[in-house]
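What follows is one structure encoded as structure tokens, with my remarks underneath.
The values are calculated or read from the model by the stated rules, or taken from the named source; none is laboratory data. Computed from a prediction, not measured in an experiment: that's the story for all the values here. In this analysis, Cβ positions are derived from the backbone assuming ideal geometry, glycine residues included, and neighbour counts consider all displayed protein chains.
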């Protein structure tokens with residue numbers, strides 16, 4: 001993606017230098033790739049709820065499981081399905097897997113309320129609990145409009161394979177290509193891109209003599225705090241850009 005953007009910016013728009021590149025999550029991955037592939041162009045890098053490598057735990061728990069869920073739906077048919085007759089139920093479950101990882105346990109307890117007085121789930125194994133119904137309807141309404149199974153399938157694979165050290169001997173070697181000033185923003189409750197990996201990246205850059213810093217935020221929104229709670233780090237970004 002960074003290479004495609006580079007082609008457009010340099011050849012179509014004639015841009016030769018970028019004051020800063022910034023993005024959350026997958027957008028942050030692209031931003032890191034920019035700073036590695038085109039260090040002469042990028043002066044500042046801001047990575048939000050992202051990292052230089054997708055953690056193996058995230059690759060398994062969200063990405064691979066989503067792909068397997070879609071593959072197991074007979075309507076998937078190796079991706080050869082008709083519009084309005086695809087593996088919709090599997091796609092909803094794949095989206096649910098991502099959402100479970102993107103928010104914290106506290107967020108789910110407060111958002112999807114349980115009903116301790118309900119009785120049906122205790123007598124009928126197929127009867128959904130109140131919180132199951134709430135999440136299912138939310139995912140159904142969102143995914144039916146915005147998500148296609150093939151898109152989700154290939155995006156999951158692309159996310160699994162995100163590793164800027166690919167084709168290099170080590171993470172240290174590839175990070176040494178970065179000449180930009182670096183600000184990483186991490187939510188301490190992010191289960192998809194845990195803070196420990198941001199800390200590792202920043203420490204490597206600092207040991208190489210680079211201007212790199214990590215800013216930590218706290219939010220029960222977990223990974224999605226980087227999208228919905230930008231007020232928690234907006235001042236730090238403004239200071240970094242100035």
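Let's see how each residue does on (1) out of contact with any strand residue (DSSP E or B) (no Cβ under 8 Å at 6 or more places or on another chain); (2) loosely packed, with under 11 Cβ neighbours inside 10 Å; (3) farther than 30 Å from residue 30 by Cβ:
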residue: 121; (1), (2), (3): yes, no, yes
residue: 128; (1), (2), (3): yes, no, yes
residue: 131; (1), (2), (3): yes, no, yes
residue: 148; (1), (2), (3): yes, no, no
residue: 153; (1), (2), (3): yes, no, no
residue: 169; (1), (2), (3): yes, yes, no
residue: 178; (1), (2), (3): no, no, no
query: Considering 101, 86, 23, which residue is surrounded by 16 or more Cβ atoms within 10 Å (Cβ to Cβ) and either assigned by TED's automatic domain parsing to the domain that holds residue 233 or in a strand (DSSP E or B) (or both)?
result: 23
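Out of 232, 171, 205, 161, I need the residue that is more than 18 Å from residue 99 (Cα to Cα) and either at pLDDT below 95 or under 15 Å from the mean Cα position of the chain (by Cα) (or both). Which one?
The match here is 161.
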message: What's the number of the only condition in (1) over 30 Å from residue 238 (Cα atoms); (2) touching a strand residue (DSSP E or B) at 6+ places or on another chain (Cβ under 9 Å) that residue 67 fails to meet?
response: (2)
